[in-house]
Amino acid sequence: MKDDPRRHPLRDAHTDITTAEAIPDTPQSRAPAYRLAFTDADFMCRDDLRPVRLQLELLKPELLMEEQGIKSTIVLFGGARIPEPSKKHTARTKTLAELSHFYDETREFARLMTLKSLESGGKEDVIVTGGGPGVMEAGNRGAVDAGGHSIGLNIVLPFEQAPNEYVTPALCFNFHYFGIRKMHFLMRAKAICVFPGGFGTMDELFESLTLIQTGRMQRVPFLLFGRAFWEKIINWEALADAGTISAEDLDLFRFVESAEEAMKLIENWEPGPARDRMPGR
């Protein structure tokens, strides 16, 4: 019993799964009703079980990251379509080709941040990406360049989206629910870095920024890489002039152009508490 890792003397679930697979084949044992509930995929996918699936999807990555000792993360959001510079000739548009230098900036930033993380044991400031191609690949690749590990939060899509080859396998997760995936991006976040991207990137940008704006999340370094791109895509000043956001909201983020600039800003960022009021209301 001394070698048994369980905290109770009851028969464990794995043993019962093995036993149930070896029972005689009868009409009763073949019936769906007879399957163990937690091994019955059809049962687990019923609409009624959605609350359970949501809970499991929140719990599994949380437990596994705890087991790996991950204490805090640096979040990288950015476009899946941005190629590395050596492959920019394959880009679908001239603009995507011109944005390819952000692949290298992402990779270098992740490398520098991972080196910093390794100095304190590799459990703090761990790079986390969406686990896919483009900017996400660059982030996980930079962590590998530094000899460290990184997290990939993939999601099932109707097409492609296999994990990129640089995600640490033990920290490579797959999601069904976008909402739970977003929670895992932010639950340990010590900084949020957003590179040029499309709908998905802007969705992640604005949801994260809204949490900080409304005081639902503490202020963390929030960096937008590529001022020219973001000011062309979003007229931030017009939002403030219209009064739909306050002028103070424009101070919730900073523009940066390089990995080195981002590292300096994060290192010198003065931490602030969550907002307790909404400026302009």
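The values are calculated or read from the model by the stated rules, or taken from the named source; none is laboratory data. This structure is a prediction, so every number in the text was calculated from the model and none was measured. So basically every Cβ, Gly included, is an ideal-geometry build from the backbone, and we count neighbours across all protein chains shown.
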Being under 26 Å from the mean Cα position of the chain (by Cα), within 30 Å of residue 256 (Cα to Cα) and free of Cβ contacts under 8 Å to residues at least 60 places away in the same chain is true for just one of 88, 94, 71. Which residue is that?
88
Could we say that residue 58 is surrounded by 15 or more Cβ atoms within 10 Å (Cβ to Cβ), modelled with pLDDT of 95 or more and not assigned by TED's automatic domain parsing to the domain that holds residue 128 here?
yes
Which count do you get for residues in region 213-244 that are loosely packed, with under 14 Cβ neighbours inside 10 Å, in a helix (DSSP H, G or I) and of a type in the set (Gly, Ala, Ser)?
3
Which listed residue is at pLDDT 95 or above and at positive phi, from 79, 69
69
In region 86-110, anything part of a helix (DSSP H, G or I) and surrounded by fewer than 17 Cβ atoms within 10 Å (Cβ to Cβ) is listed as 86, 87, 89, 90, 94, 95, 98, 101, 104
Can you tell which of 134, 152, 130, 197 is modelled with pLDDT of 95 or more, assigned by TED's automatic domain parsing to the domain that holds residue 260 and more than 29 Å from residue 271 (Cβ to Cβ)?
134
Would you check if there is a residue in region 271-281 being within 20 Å of residue 210 (Cβ to Cβ), surrounded by 16 or more Cβ atoms within 10 Å (Cβ to Cβ) and in contact with a Gly (Cβ under 8 Å, 6 or more places away or on another chain)?
yes
Which residues, taken from region 156-206, are polar (S, T, N, Q) and either within 21 Å of residue 50 (Cα to Cα) or within 11 Å of the chain's Cα centre (by Cα) (or both)?
174
Of all residues in region 253-281 being at pLDDT 95 or above and part of a loop (DSSP other than H, G, I, E, B), the one that is farthest from residue 225 (Cα to Cα):
253
Condition first: assigned to a helix (DSSP H, G or I) and of a type in the set (A, V, I, L, M, F, W, C). Can you find one or more residues in region 144-158 that meet it?
yes
Filtering region 73-85 for residues that are in contact with a strand residue (DSSP E or B) (Cβ under 6 Å, 6 or more places away or on another chain) and either surrounded by fewer than 15 Cβ atoms within 10 Å (Cβ to Cβ) or of a type in the set (Val, Ile, Thr) (or both) leaves a count of 3
Taking region 196-212, which residues are acidic (Asp, Glu) and exposed (fewer than 15 other Cβ atoms within 10 Å of the Cβ)?
203, 207
Hits in region 7-35 - residues which are among the polar types (S, T, N, Q) and more than 37 Å from the chain's Cα centre (by Cα)
19, 26, 28, 29
Name the residues in region 207-231 that are more than 20 Å from the chain's Cα centre (by Cα) and either free of Cβ contacts under 8 Å to residues at least 60 places away in the same chain or within 17 Å of residue 259 (Cβ to Cβ) (or both), would you?
226, 227, 228, 229, 230, 231
